[in-house]
Amino acid sequence: MKMSEIILASQSPRRKQLLEWAEIPFRVVVQPTAETYPNDLSVAEIPIYIAQQKAITVKNHLLASGEILADTIVLAADTIVVINKTILNKPIDRDEAISMLSKLSGNEHRVITGVVLHKNKVEKKFSVTTLVKFHPLTLDQICFYVDHYQPYDKAGAYAIQEWIGVTGIAAITGDFYNVMGLPVSTVVQELYTLNS
């Protein structure tokens, strides 16, 4: 099936890698977007809202520069980590990363990715939730991971495909790739729907 031009409105190397693995042709266009949201949103709505802002900002940029085709699809996503109703964003420093991983240690948390697809005047938006449970982690393990992998660009201060995921995760319920940053199989199905 011939696919419309796809613009990935994200600089995440994980999202780029997942689309490449799915053999979906795309190009990356990123515009600065504030990752803020209204206070009255539910937790599940937050990543969708942020993804919407990314998609709209990139789409408007492409329209203004004349770089967008009529059937171009703009794809944006945002991932959050939630434990006990608390959202763990990207850690600002080593201490915050250690604190986040200490909260996750031995506990189950939710990883929610919001996805938005824009094509012409059509907008599709959805979120996917995966449950992840860590084994109890020692402080030495946490410090080793933070110092060697420096997970400061990752929500919840970890990447499932790195050492801490390989050695520290006890169970996953749901889409593994969602935890990497994109529920890629669901995204591919939605892309086919938009192209039909």
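The values are calculated or read from the model by the stated rules, or taken from the named source; none is laboratory data. These numbers come from a predicted model, not from an experiment. Virtual Cβ from ideal backbone geometry, glycine too; neighbours counted across all protein chains shown.
The table below lists the values:
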| quantity | calculated |
| --- | --- |
| Filtered residue count, region 124-171, keeping only those that are exposed (fewer than 14 other Cβ atoms within 10 Å of the Cβ) and either at pLDDT 95 or above or part of a strand (DSSP E or B) (or both) | 13 |
| Pick from region 6-21, criterion surrounded by 16 or more Cβ atoms within 10 Å (Cβ to Cβ) and part of a loop (DSSP other than H, G, I, E, B), ranking: farthest from the chain's Cα centre (by Cα) | Ala9 |
| Test: residue in region 118-137 that is basic (Lys, Arg), closer than 30 Å to Thr57 by Cα and free of Cβ contacts under 8 Å to residues at least 40 places away in the same chain | yes |
| All positions within region 84-102 that are without any contact (Cβ under 8 Å) to a residue 60 or more places away in the chain, in contact with a helix residue (DSSP H, G or I) (Cβ under 9 Å, 6 or more places away or on another chain) and closer than 23 Å to Asp140 by Cα | Arg94, Ile98, Ser99, Met100, Ser102 |
| Of the criteria (1) closer than 23 Å to Ser10 by Cβ; (2) touching a strand residue (DSSP E or B) at 6+ places or on another chain (Cβ under 8 Å); (3) polar (S, T, N, Q), which one Asn60 fails | (2) |
| Filter result (in a loop (DSSP other than H, G, I, E, B) and either closer than 15 Å to Leu88 by Cα or among the hydrophobic types (A, V, I, L, M, F, W, C) (or both)) within region 104-123 | Ser105, Asn107 |
| Subset of region 44-100 [farther than 23 Å from Ser127 by Cα and assigned to a loop (DSSP other than H, G, I, E, B)] | Gly66, Glu67, Ile68, Leu69, Ala70, Asp71, Ile92, Asp93 |
| Qualifying residue in region 51-66 (condition: of a type outside the set (A, V, I, L, M, F, W, C) and touching a residue at least 60 places away in the same chain (Cβ under 8 Å)) | yes |
| Qualifying residue in region 32-39 (condition: surrounded by 10 or more Cβ atoms within 10 Å (Cβ to Cβ) and aliphatic (A, V, I, L, M)) | no |
| Residue match in region 23-42 (condition: among the aliphatic types (A, V, I, L, M) and within 15 Å of Leu191 (Cα to Cα)) | yes |
